Amino acid sequence: MLYLIGLGLGDAKDITVKGLEVVKRCNRVYLESYTSVLTVGKEALEEFYGRKLILADREEVEQNADNILKDADLSDVAFLVVGDPFGATTHSDLVLRAAKRGIPYRVIHNASIMNAVGCCGLQLYNFGETVSIVFWTDTWRPESFFDKVKKNRQNGMHTLCLLDIKVKEQSLENLIKGRKIFEPPRFMSVNQAAQQLLEIVQNQRIRGEEPGIEETLCVGLARVGAEDQKIAACTLQQMCTVDLGGPLHSLIITGGSMHPLEIEMLNQFSISEDTSESKSIDGL
């Protein structure tokens, strides 16, 4: 049996009882290590689970999936994913590969950022399509996702923005030359995301469009599910300077009109223009 097991969002203890029972009895246990990370490392997980873990990076999962599936029809293999197993499309691909080989599989779900964002008080059924914001480079500065943000706002829906992480990535030069030299890990902050969004707004304004979201209420979230979780509600312009600490960060662009209960909840996390004092957000 191939088991896909969600680990939740916080630390080693967020795994479900059912998931932990499976981990303890599997022959091999893989830890997916590139779509998201926990607040603790591999060693802390191994200590709590009482099992050695095999790190599975992007190359292993997307190009060498056969290594993971090997003998999974004869013995139990676990594939651990931060959040929920289906938080990334690549995991659906692993399931399809298993099915084609006649390998039975079972999914053990857990909390993911897709539902845990409700901690800020915005109601989940008021969210539209989720978007991803990637790190820009000198030659690649995609803006197409912004159309989905605008469409969500036109429909009065909030937009969850998943922010880029770079783990075990190679520079273009090292990739071309086949050198297994990897760049230091990078995790996008809400500040970087807000700055890129504002640049997109300026670019669209130059083209004669008027997105007008600088003063839109946004919500920054950091380390959701961890004990030091942080949430801040302010304008997109203010979000450029908000300090939410270490990764992982997520950003929400609200849909404009909000339910009174959403406003009351967000008031708990509202910040002033100097990012140090709370204030009412009713007028935003």
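Before moving on, here are some points about what is shown:
- When residues of the range 88-99 are limited to those that are among the aliphatic types (A, V, I, L, M) and part of a helix (DSSP H, G or I), the one surrounded by the most Cβ atoms within 10 Å (Cβ to Cβ): Leu94
- Any hit, the range 153-162, residues being modelled with pLDDT under 90 and surrounded by 14 or more Cβ atoms within 10 Å (Cβ to Cβ): no
- Near pairs, Cβ below 8 angstrom, 6+ apart or cross-chain, from the range 90-101 (among the basic types (Lys, Arg)) to any residue that is buried (at least 16 other Cβ atoms within 10 Å of the Cβ): Arg97/Ala65; Arg97/Leu69; Arg101/Leu69
- Being closer than 22 Å to Arg223 by Cα, open to solvent by less than 40 Å² (accessible area, probe 1.4 Å) and of a type in the set (A, V, I, L, M) is a property that Leu69 lacks.
- Residue among Glu277, Glu215, Glu209 that alone is touching a strand residue (DSSP E or B) at 6+ places or on another chain (Cβ under 8 Å) and modelled with pLDDT under 90: Glu215
- Residues that are open to solvent by 60 Å² or more (accessible area, probe 1.4 Å) and either under 17 Å from the mean Cα position of the chain (by Cα) or among the hydrophobic types (A, V, I, L, M, F, W, C) (or both) within the range 72-82 comprise just one, Leu74.
- Here Pro85 passes the criteria (1) within 30 Å of Gly256 (Cβ to Cβ); (2) open to solvent by less than 40 Å² (accessible area, probe 1.4 Å) except the one numbered (1).
- Residues located in the range 141-152, provided they are open to solvent by less than 40 Å² (accessible area, probe 1.4 Å) and in contact with a strand residue (DSSP E or B) (Cβ under 6 Å, 6 or more places away or on another chain): Phe145, Val149, Asn152
- Considering only residues in the range 117-140 that are modelled with pLDDT of 95 or more and open to solvent by less than 20 Å² (accessible area, probe 1.4 Å), the one that is farthest from Met265 (Cα to Cα) turns out to be Ile133.
- The number of residues in the range 233-246 being under 16 Å from the mean Cα position of the chain (by Cα) and either crowded, with 18+ Cβ neighbours inside 10 Å or among the charged types (D, E, K, R) (or both) comes to 1.
- Taking the numbered list (1) surrounded by fewer than 17 Cβ atoms within 10 Å (Cβ to Cβ); (2) without any contact (Cβ under 8 Å) to a residue 60 or more places away in the chain in turn, Lys230 passes all entries but (1).
- Complete set of residues in the range 185-207 that are open to solvent by 70 Å² or more (accessible area, probe 1.4 Å) and more than 21 Å from Pro247 (Cα to Cα): Glu199, Gln202, Arg205, Ile206, Arg207
- Conditions (1) part of a loop (DSSP other than H, G, I, E, B); (2) closer than 28 Å to Glu183 by Cβ; (3) open to solvent by less than 80 Å² (accessible area, probe 1.4 Å); number of the one not met by Gly102: (2)
- Filtered by the rule that a residue be in a loop (DSSP other than H, G, I, E, B) and among the polar types (S, T, N, Q), the range 231-275 gives Thr241, Thr254, Ser257, Ser272, Thr275.
- Odd one out for Gln192 among (1) modelled with pLDDT under 95; (2) outside any loop (DSSP other than H, G, I, E, B): (1)
The values are calculated or read from the model by the stated rules, or taken from the named source; none is laboratory data. Predicted, not measured: the structure shown is a model, and the values here were computed from it. Don't worry about glycine lacking a Cβ; one is built from the backbone with ideal geometry, like all the others, and counts go over all protein chains shown. Areas reflect the complete protein model, heavy atoms only, side chains present, ligands, DNA and RNA absent. Shrake-Rupley method; radii C 1.70, N 1.55, O 1.52, S 1.80 Å.
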